[in-house]
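Worksheet: one structure, shown below.
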Amino acid sequence: MRSAGGPCVDPATGEVTRVVDASSAGGDIEATGDAVWVRTGGFFLRRVDPNTLEVVEDLTAAEQSGGEVIVAYDSVWATAYDDNMLYRIRPD
C-alpha cells in the first residue's frame, strides 16, 4: 500500500507486491476507473485510490453489519444486510 504505480501482483513470480487494508468479513469490493470501493462491517465503506492503493476516504453509518457495494447510475450503492438498509452515495 505504500508504493505507487506498478502491478499489485508480479506477473513473473506471482508475488503480491502491494496490499490495502480491506479486512473484516461480510463485505464486497467494486472497482471503477478512479476508485476501489470496499464494503465491510466496521468502517462501512472505504474508498481506495486504485493507482496508489491509499485509502482516501472512510464513510461511516449507524449500521455496523456487512453488505454489498455496486457502482451504477453515477452513484455508489451500499447495503447493510442485517439492518435492511440501502444507501446511495454520490461521489464528488
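Just one residue in the set ASP83, ASP58 is of a type outside the set (A, V, I, L, M), surrounded by fewer than 18 Cβ atoms within 10 Å (Cβ to Cβ) and at pLDDT 85 or above; that residue is ASP58.
Name the pairs whose Cβ atoms lie under 7 Å apart, with the first residue in region 6-19 and under 16 Å from GLU54 (Cα atoms), the second modelled with pLDDT of 80 or more and not charged (D, E, K, R), and 6 or more positions between them or separate chains? From region 6-19, the pairs are CYS8/VAL16; ARG18/LEU53. When region 1-32 is limited to residues that are modelled with pLDDT of 85 or more and in a loop (DSSP other than H, G, I, E, B), the one that is nearest to TYR81 (Cα to Cα) turns out to be THR32. Taking the conditions (1) modelled with pLDDT of 90 or more; (2) under 11 Å from the mean Cα position of the chain (by Cα); (3) crowded, with 18+ Cβ neighbours inside 10 Å in turn, ILE70 satisfies each one other than (3). For region 33-54, a tally of residues being among the hydroxyl-bearing types (Ser, Thr, Tyr) and modelled with pLDDT under 70 returns 0.
The C-beta contact set for region 68-90 (first residue free of Cβ contacts under 8 Å to residues at least 12 places away in the same chain, second residue part of a strand (DSSP E or B) and surrounded by 13 or more Cβ atoms within 10 Å (Cβ to Cβ), distance under 6 angstrom, 6+ apart or interchain) comprises LEU86/THR79. When region 63-92 is limited to residues that are part of a loop (DSSP other than H, G, I, E, B) and polar (S, T, N, Q), the one that is farthest from TRP37 (Cα to Cα) turns out to be ASN84.
Within region 39-58, is even one residue polar (S, T, N, Q), under 27 Å from VAL9 (Cα atoms), part of a strand (DSSP E or B) and in contact (Cβ under 8 Å) with a residue 24 or more places away in the chain? Looking for residues that are polar (S, T, N, Q), under 27 Å from VAL9 (Cα atoms), part of a strand (DSSP E or B) and in contact (Cβ under 8 Å) with a residue 24 or more places away in the chain, one finds at least one in region 39-58, hence yes.
The values are calculated or read from the model by the stated rules, or taken from the named source; none is laboratory data. Nothing here was measured: the structure is a model prediction, and the numbers come from that model. Don't worry about glycine lacking a Cβ; one is built from the backbone with ideal geometry, like all the others, and counts go over all protein chains shown.
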